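What follows is one structure encoded as structure tokens, with my remarks underneath.
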Amino acid sequence: MTDTRRSLLRPRSRAWIVTASVVLALAAGVAAAEWAGWPFLAQPLERALSQRLGRTVQLTEAGKGTAGVRIRLIGGVHLDTPWLQIAAPAWSLAPHLLLARDAYFEWTYGDLWRAWLGQALHTRHVQARSLDVHAERRADGEASWSLAPPADGATAAPVPTVGELKVEAATLRLDDVPSRLALTAEAVVDDGLRLSARGRYRDMPVQITVSAPSLAASAVVSVKASAGRASLDFDGVAANLPRLDRLDGRFTMHGPSLAAMGDPVGVTLPTTGPFRAGGRVQRQPGRWDVEVTTATVGASTLGGSFVYETDREVPLLSGQLRGKRLLLVDLGPVVGVAPAAGTRRQRDKVLPDRPFDLAALRVMDARVDIDIAEVDLNTRWLEPLKPLRAQLQLAAGVLMLADLDARTGEGKLTGSLHLDGRGEKALWLANLRWAGLRLEHWLRSDRGSGRGAGKTAAAPTGATVAAPYATGRLDGRASLRGSGLSTAAILADLQGSFRSQLHDGKLSHLALEAAGLDLAQWLGVRIRGDDLLPVTCAVADLAVERGVLRPRVLVLDTRDSALWVDGTLSLASEALDVRVVVMPRDFSLLALRTPLRVRGSFAAPEVSFDKGPLAGKLAASLLLALVNPLAALIPLLDPGDDDAATRGAAGCHDIAERAAKRKAQK
């Protein structure tokens, strides 16, 4: 029985011994190959990589064999080679994509597997005596650094990333056609980073210098960059260069336009006048936090706190825009104000026709609260807005200024503005209301306080305030829409309505007589001093169709005269053809009463009087003067026409009555 058991155990023992021997031999072979660097894998690896990448990969310099190439496979893939060259794609004229001398690379198997599936290749560690990289991306999006087919659903070539980097001398030549960036950079990466780059970005010259004495977990970084006339200076601390996992520091930047501030990170900002800004910026994965402590745009003073989230499907800009004072002229092309003095105009048009960048509205979303203490409207005739509050919203290509709340002239302006950039043309919508605007405070007056000016408005002791031309409370609303590729195109397509009404109004007697060419009345008022006539009705009701404004009712009625306006104002052709008629209710000894005409263009309006009625009166006066000098005054006598004035003002009173009934029913 014992002999039988021994005979059964001997084969098992021999099998175990053989297996153990084989395993030990394999382990010894692997250990020896690992120690030797797997030299016999160099050429097969070259062929496998070349086949996989679709371009030639060389681990050795031509004619020098595989000496010096060492590969380690335990714990990941480690490649140590005196020479590594990856060829450029067939369509490129570059000598290569990558050329590394005396280089060491380290990958985990997970890194290689993800790259095999088409994701970005991540290299844990790179060390080399020199690196020379030629990176290119064509207009169709094909990139020379795309070393594998993109993963399912990917639309762009994944960009390789690097963890730890140490290079005695590195050169990068980048030509990225879609982003219009061409850059040549030279760097030294050892215990720190020293980088210098120059090239062109969006047809502007670009220069960048980066200095970091250390590449530790938290390193001091200094950056100086310029693009055209815009420049940036940054001093702070960065973590894990060159991946820039975190950033914290102070910045200053200045340039010819506010739009240049958003270009480096892809934030859409408006084109404006010259700017200068300073503050603090912090970055962490997927997020930028910016505190703008001081910002000037022209003569405007602004500031704010902003967060830019990049880890969303659509990046989001949120925060608060604050300011002590904003001059509308400093926003320049954004709002279409006149160019600064000395700027040469290429044409005699006033409305801005610069095309909108609708694509820029779709690359990000935004939610920004606006709180500006004072907004100057770029005119000496109107008081500024004090304050202006609103919320700027940008989502899916639709820009909206919502919850608008502005105060001026003791009144209030509310409503919203929309710019829909989702289609081929921009769609602009405006719904605005104003209430309680006191004309004597809203409209600035240049009237003096001498004879003929009348009494001045109440003012603090020692202050001189000019008497107003008009007083009263103004209410109204506007509902407008238009589409186009520029401000001028939208206004040329404008449709909607505009209505405003003056309550408890008064008007300068002197101004009314001057508008009607009532010389006798004007002279009398001038001698005794101007006064304010009560306005019994004042309504402006305008229809807007295809960019042409036509008054349905534009009337001002007083006990002395009725004034109404007809004609057209074309936003499409920037042409004026407006007639102002003043109909007196009372008798005048000396009046050249004739309609006032405003014609021409926005850029060069022409004010005149209807020559027919005026010439007839003057001719008759001249002929009668030949008979008797006193008879020359007969054609200039004006008995007034109260009935005609009442008929002319009838539309105004009808609208006013309907408005009063609607208000009483609420």
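The values are calculated or read from the model by the stated rules, or taken from the named source; none is laboratory data. A quick note: this is a predicted structure, and the numbers were derived from the prediction, not measured. With ideal geometry, Cβ positions are generated from the backbone for all residues, glycine too; neighbour counts draw on all protein chains shown.
Looking at the range 507-522, is at least one residue of a type outside the set (S, T, N, Q) and at pLDDT 85 or above?
no
Out of everything in the range 147-162 that is surrounded by 15 or more Cβ atoms within 10 Å (Cβ to Cβ), touching a Lys or Arg at 6+ places or on another chain (Cβ under 9 Å) and modelled with pLDDT of 65 or more, what residue ends up being nearest to ARG198 (Cα to Cα)?
VAL162
Table: residues versus (1) modelled with pLDDT of 90 or more; (2) of a type in the set (A, V, I, L, M); (3) at positive phi.
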{"residue": "PHE251", "(1), (2), (3)": "yes, no, no"}
{"residue": "MET261", "(1), (2), (3)": "no, yes, no"}
{"residue": "ALA277", "(1), (2), (3)": "no, yes, no"}
{"residue": "VAL290", "(1), (2), (3)": "yes, yes, no"}
{"residue": "VAL297", "(1), (2), (3)": "no, yes, no"}
{"residue": "SER300", "(1), (2), (3)": "no, no, no"}
{"residue": "VAL307", "(1), (2), (3)": "yes, yes, no"}
{"residue": "ARG312", "(1), (2), (3)": "no, no, no"}
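Go through the range 180-194 residue by residue and tally those that are surrounded by fewer than 15 Cβ atoms within 10 Å (Cβ to Cβ) and in contact with a strand residue (DSSP E or B) (Cβ under 8 Å, 6 or more places away or on another chain). Full working, then the answer.
Kept after step one, since they are surrounded by fewer than 15 Cβ atoms within 10 Å (Cβ to Cβ), are these residues of the range 180-194: 180, 184, 186, 188, 190-191, 194.
Checking the rest, the ones that are also in contact with a strand residue (DSSP E or B) (Cβ under 8 Å, 6 or more places away or on another chain) come to 180, 184, 186, 188, 190, 194.
Matching residues across the range 180-194 total 6.
If I filter the range 552-575 down to residues being buried (at least 18 other Cβ atoms within 10 Å of the Cβ) and touching a Ser or Thr at 6+ places or on another chain (Cβ under 7 Å), which single residue comes out as modelled with the lowest pLDDT?
Per the criteria, the residue is THR558.
Going residue by residue through the range 333-356, is there one that turns out to be crowded, with 16+ Cβ neighbours inside 10 Å, at pLDDT below 85 and among the acidic types (Asp, Glu)?
For the range 333-356, residues crowded, with 16+ Cβ neighbours inside 10 Å, at pLDDT below 85 and among the acidic types (Asp, Glu): absent.
Any residue at all in the range 204-220 that's of a type in the set (Ser, Thr, Tyr), at pLDDT 85 or above and either touching a helix residue (DSSP H, G or I) at 6+ places or on another chain (Cβ under 8 Å) or within 30 Å of ARG276 (Cβ to Cβ) (or both)?
yes
Looking at the range 594-618, which of its residues are out of contact with any helix residue (DSSP H, G or I) (no Cβ under 6 Å at 6 or more places or on another chain) and at pLDDT below 60?
ASP610, LYS611, GLY612, PRO613, LEU614, ALA615, GLY616, LEU618 - these are the residues of the range 594-618 that are out of contact with any helix residue (DSSP H, G or I) (no Cβ under 6 Å at 6 or more places or on another chain) and at pLDDT below 60.
Of all residues in the range 393-420, which are crowded, with 16+ Cβ neighbours inside 10 Å, within 17 Å of the chain's Cα centre (by Cα) and outside any loop (DSSP other than H, G, I, E, B)?
GLN393, LEU394, VAL398, LEU399, MET400, LEU401, LEU417, HIS418, LEU419, ASP420
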